[in-house]
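**Q** Sharing a structure with you now.
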Amino acid sequence: MMRNSEQCPHGAIAKRRKVPKISLCNLPMDILSMILSLLPINDAVRTSVLSKKLKRVWCSHNNLTFDKGTMRKTYFRPSTGYYGVLRAKEFITKVDAVLHQHSGMGVEHMEIKFGLHSRPKSTYFGELSCGNKRISSEEPYNLPSQLFSPSNGSYLQCLELRTLCVQLPSDFKGFLNLKSLSLVDVRITDEDVHSVLSKCNLLEFFEIAYCRMVTRIRMLHSLDRLKHLVVDICPKLQEIELNCSPTTLKYVGAFIPLISVSTSRLTNISIVFLTYQSSLSYIATGFPSTSPRLETLTLLCYEHEKTIVPEGPFKFTYLQNLRLELVISDYGKIDVLDYAYLLKIAPFMETLELPMWMVGRNRPYCKEDGELRIGLPHKHTHLKSVRISGFFGHKDQVELSIHILRSSIALEKMEITPKLEISNNLALHDCCYEKPHYVDGHRIATEFVCKADYRNVVNVVKVPSSLEPSAAAMEA
């Protein structure tokens, strides 16, 4: 049989047509760029050794994600995969090499994630509230300034920077298409933050967290497209000034002035104050009261003085969901019944959550404490769901629960539990309260609140103490 020919049906011999070999190098540049963009940046860089044509194709890679996966060691075993520990110096060297060779053109996403240091911040609130975001006390990695040059910011849409030092060049013109910006533990000045915000007109999401040099966040330039703003524990921060109206705002830190030109679009606020602040006065006269279309409010406050309930006709006309977390640290000065005021200022509220942590209170309600205060109920026609946690059975807790129960004529369910449900890991010493407070809280709620329930909507959750044997252990 002839290799390059074949027998025709009529006996004639015809030459077989040669099919040209398809080589990766023969593909058009735009196709090559698209193929390489599907590879992690480390693998894309390695293709440069295949041919002269491929040597610089990776330099327009649009996804610059640097982490342990994309910057992994190149030693490979079929049985175990890649092996070898990637150390900080190696990671920095690799990232530097890529950034200095990359053209900067076409970048849509950039992310640098690597634990350059292992020591977390040791301050009290840092340990409690930082979660997985560690703050380094050592010198951060210096991001090359050429990444912010005018030619490099036309395509970038998402930028996440962690544990870095950023210094913008004098000719910084902004990122024309940037939609998401996250700065976590970044050494950056107030001026550079302001410069970034004033020159990224399409920004929709902005997060700044644990940036220890930042003292003011100012958005003097209108950011009409900004939807989500997150500010998390910047310890030197003194003021936030907005020239925009995001739809959601999340803030964790000390009480500071929050100034906004407009709050017309703001529908969701979540605030954790790490300093003492009266929750009722802040809700009724502070920033939330300036948000006419607010629908969901989550607020955590440390209370240590009796609240002076604000007077006046103020009401939230759109507020439907309220979660008010209370850390009450000074027994005798705070009257929990004062929080019945929430029913008056939020007439259209449908869900109410009241997690409490009564620090320092030891004795549950008993007859020697006097009769329960039962005032005239405030008829609330929209409240359907209530959850009260950290219910240790104190007199004013019982009074507030009964007042809400009697006032809410549309109430469908009220759950009461003695378990601590304060967020941000603040109630770390839950075990200290378990046996006495869990038992007392359940007993008092059952005896007094359930007794006032004529609609069968109250559910008192019994939380087993860790000191009690489980059902499985008892069966065994």
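**Q** Considering all alpha-carbon pairs of segment 163-312, what whole percent are spaced by more than 21 angstrom? Don't jump to the answer; show the numbers that get you there.
**A** Numbers: 5014 of 11175 pairs.
Counting pairs separated by more than 21 Å, the tail of P(r) holds 45 percent.
**Q** Just give me a number: lysine pairs in segment 185-344, eight or more positions apart or cross-chain, with C-alpha atoms less than 20 Å apart.
**A** Numbers: Lys199/Lys227; Lys227/Lys250; Lys236/Lys250; Lys306/Lys333; Lys306/Lys344; Lys315/Lys344.
Number of lysine pairs found: 6.
**Q** What accessible surface, in Å², does a 1.4 Å probe find on Cys301, ignoring ligands, DNA and RNA and rounding to the nearest 10?
**A** Accessible area, nearest 10 Å²: 0 Å².
**Q** Return the carbon/sulfur percentage of the accessible area of segment 210-271, one whole number, probe 1.4 Å, all protein chains in place.
**A** Working: 1390 of 2680 Å².
With neighbouring chains kept in place, the figure for segment 210-271 is 52 percent.
**Q** Here's another thing I want to ask about it. In Å², what does the accessible area per residue of segment 288-366 work out to with a 1.4 Å probe? Present the calculation step by step, with values, prior to reporting the outcome.
**A** Values: 3370 Å² over 79 residues.
Result: 43 Å² per residue.
**Q** While we're looking at this one, here's another question. How much net charge surrounds Leu411 when only other residues with a Cβ under 9 Å from its Cβ are counted (Lys, Arg +1; Asp, Glu -1)? Working shown, then result.
**A** On the way: positive: Lys384, Lys413, Arg455; negative: Glu412.
Here the charged neighbours net out to +2.
**Q** Note down the magnitude of the dipole of segment 212-253 about its Cα centre, charges +1 on Lys and Arg C-beta and -1 on Asp and Glu C-beta and zero elsewhere, to the nearest 20 debye.
**A** Working: 7 positive and 4 negative charges, 24 e Å.
The dipole magnitude comes to about 120 debye.
**Q** A further question on this structure: So for Tyr438, Tyr155, what's the accessible-area order with a 1.4 Å probe, most first? Please report the intermediate quantities before stating the final value.
**A** Values: Tyr438 5, Tyr155 110 Å².
Sorted by accessible area, descending: Tyr155, Tyr438.
**Q** Quick check: with the 1.4 Å probe, what order do Val95, Val309 take by accessible area, largest first?
**A** Of Val95, Val309, the descending order of accessible area is Val309, Val95.
**Q** Over segment 180-228, average the accessible area per residue using a 1.4 Å probe and give it in Å², no decimals.
**A** Values: 1900 Å² over 49 residues.
Roughly 39 Å² per residue, with all protein chains present.
**Q** For Thr290, Thr296, give the ranking by accessible area with the largest first, probe 1.4 Å. Please report the intermediate quantities before stating the final value.
**A** Details: Thr290 75, Thr296 35 Å².
My answer, sorted largest first, is Thr290, Thr296.
**Q** Round to the nearest 10 and report in Å² the accessible area of Cys59, as given by a 1.4 Å probe over the protein chains' heavy atoms.
**A** Approximately 10 Å² for this residue.
**Q** Can you compute the charge dipole magnitude of segment 164-239 about its Cα centre, using +1 on each Lys and Arg Cβ and -1 on each Asp and Glu Cβ, nothing else charged? Give it in debye, rounded to the nearest 20.
**A** On the way: 10 positive and 10 negative charges, 14 e Å.
Computed about the Cα centre, the dipole is about 60 debye.
**Q** Right, something else. At a probe radius of 1.4 Å, what is the per-residue accessible area of Lys199, in Å² to the nearest 10?
**A** 80
**Q** Further question on the same structure: For segment 315-404, with all protein chains present and a 1.4 Å probe, just round the carbon and sulfur fraction of the accessible area to a whole percent.
**A** Numbers: 1910 of 3670 Å².
With neighbouring chains kept in place, the figure for segment 315-404 is 52 percent.
**Q** Using a/c under 1.5 as the rounded threshold, could you call segment 248-322 rounded, prolate or oblate? The axes a ≥ b ≥ c are square roots of the C-alpha gyration tensor eigenvalues, and prolate needs a/b larger than b/c, oblate otherwise.
**A** Numbers: a/c = 1.71, a/b = 1.22, b/c = 1.40.
Here segment 248-322 falls in the oblate category.
The values are calculated or read from the model by the stated rules, or taken from the named source; none is laboratory data. None of the values given here were measured: they were computed from a predicted structure. Here the Cβ is made from the backbone with ideal geometry for all residues, glycine too, and neighbour counts use every protein chain on show. These area figures cover heavy atoms from the full protein model, side chains too; ligands, DNA and RNA do not enter into them. Shrake-Rupley method; radii C 1.70, N 1.55, O 1.52, S 1.80 Å.
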